[in-house]
Each structure stands twice: as C-alpha cells, then as structure tokens.
Amino acid sequence: MTDFTYTLGIPAGSHNPSADYTGMQENYTSIDGLIAVDHFGFNDLNGGWHKQSTYPNVSVDPTTVAGQIALYSKQGAISSELFMIRDGNAGTAVNLTTSKVGSPSATPIGVSWLPGGILIQWGTLAVSNNTTFTPVSFTPSFPNACFNIVLTMINTQGITASANSLFVRSGSVSTTGFQIFNTSSSSAQSAYWLAIGN
C-alpha cells in the first residue's frame, strides 16, 4: 500500500504561503490519493462512496470497549480471513469467513462452507426397506467430524401414509458418510437429509 506523505502544521501562520507551497501541494496530493483508496475520489459522480473495503492483516486482535465492534483481517490457517471482535474483547473474536475452497451449491443435492470453517451438506434419496441399510456418501468428506444429521421422510402416500420411520444407523456416522435404516418391511421411502460438521 502507498505511504501517503503528509506534513502537519502547514501553512504556518507566520510564513508567507509561498514558503510552504511545496508542502501544501504534497499534502493536497496525499489527501486526493488517500480518499481514492477504497473510495471513489474527487471529480467522480460517485465521489465519497465506497468501492470496496480492504483490510490488511494484523498480527494481534484489536482492542475494543463496551459498545464497539471492530472488523479486521488476520492470517488464518490457509489464507487471510475476516474477523469481528466486540465489547472489550474477552473472547469475542469471531471468524466471519472460511479459507475452504469451493462454491456453494444452489441445488437439491449440495454443499456450502459457512463462516468459521463449518461445512453443511444436504440431499435427497430413496431409502430401501428394512432388509438393508442405505448408504449416503458425503462429497466432499468432512475434514474433521460430522456433528449432526437430520432426516425428513417425504410422504408420497397422502393421508394414508403408514407410520414408517427413518433412522441413522448407530455407529455409521463418519467423515465420509452414514447409513439410513427404514423401519418398513414392505416399501421404500424417500427422504431429505442434512449434515453439518467441520
């Protein structure tokens, strides 16, 4: 980033303006350049509005007091990440981004990385009857652990639906997938599933 030179105290009241001319010009140039960093500058219809917000990495979390929030960037495990800290710190630093690679999937079967490195995955599938366990594979695998799985049976039989239930097989949850068991002995079922982990 540019180091904008600025000289305080000019023009001095006791000086002829011509004596401080060079310094004043340098100050004006620095003001123009400084405003244009992350903003639209002078002589622009959008002058003063933000173009973006850029945060250079800091090595130490900033200090705040009650009623303040600070946004800042620091080096994460893989890349620079955006953090928030508030109300006098005290363990309030929150990672707002993730260095994980990959775009979220706006599809019925998909995946998305959430702030702080949390991974959420979801999908639909047909679940066999109770003669077998139906496997579900995570794509991608959870790097560390799968925390929770939620199943929702899709009722295709209307008000005549039987009282069948779907369960996650005990001991089957891993970083790569899990297995579903259908209590029905006669029919397959369809289900939504959602898993969250990191």
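Any read-out appearing in this document is the output of simple, stated calculations on the displayed coordinates, not a laboratory observation. It should be emphasised that the depicted structure is a prediction, and the values quoted were computed from it without experimental measurement. Cβ coordinates were reconstructed from backbone atoms using ideal geometry, including for glycine residues, and neighbour counts include every protein chain displayed.
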Margin query: Quick test of your reading of the structure: Val60 fulfils all but one of (1) aliphatic (A, V, I, L, M); (2) under 22 Å from Gly91 (Cα atoms); (3) surrounded by 13 or more Cβ atoms within 10 Å (Cβ to Cβ). Name the failing condition by number.
Written below: (3)
Next item on the list: Check whether at least one residue in segment 29-43 is in a helix (DSSP H, G or I), out of contact with any strand residue (DSSP E or B) (no Cβ under 6 Å at 6 or more places or on another chain) and among the polar types (S, T, N, Q), and report yes or no.
Entry: yes
Notebook entry, point to check: Among the residues of segment 1-27, which ones are under 23 Å from Val37 (Cβ atoms), part of a loop (DSSP other than H, G, I, E, B) and not aromatic (Phe, Trp, Tyr)?
Noted result: Met1, Thr2, Asp3, Thr5, Thr7, Leu8, Ile10
Note to self: Can you confirm whether Ser73 is polar (S, T, N, Q) and surrounded by 13 or more Cβ atoms within 10 Å (Cβ to Cβ)?
What the structure shows: yes
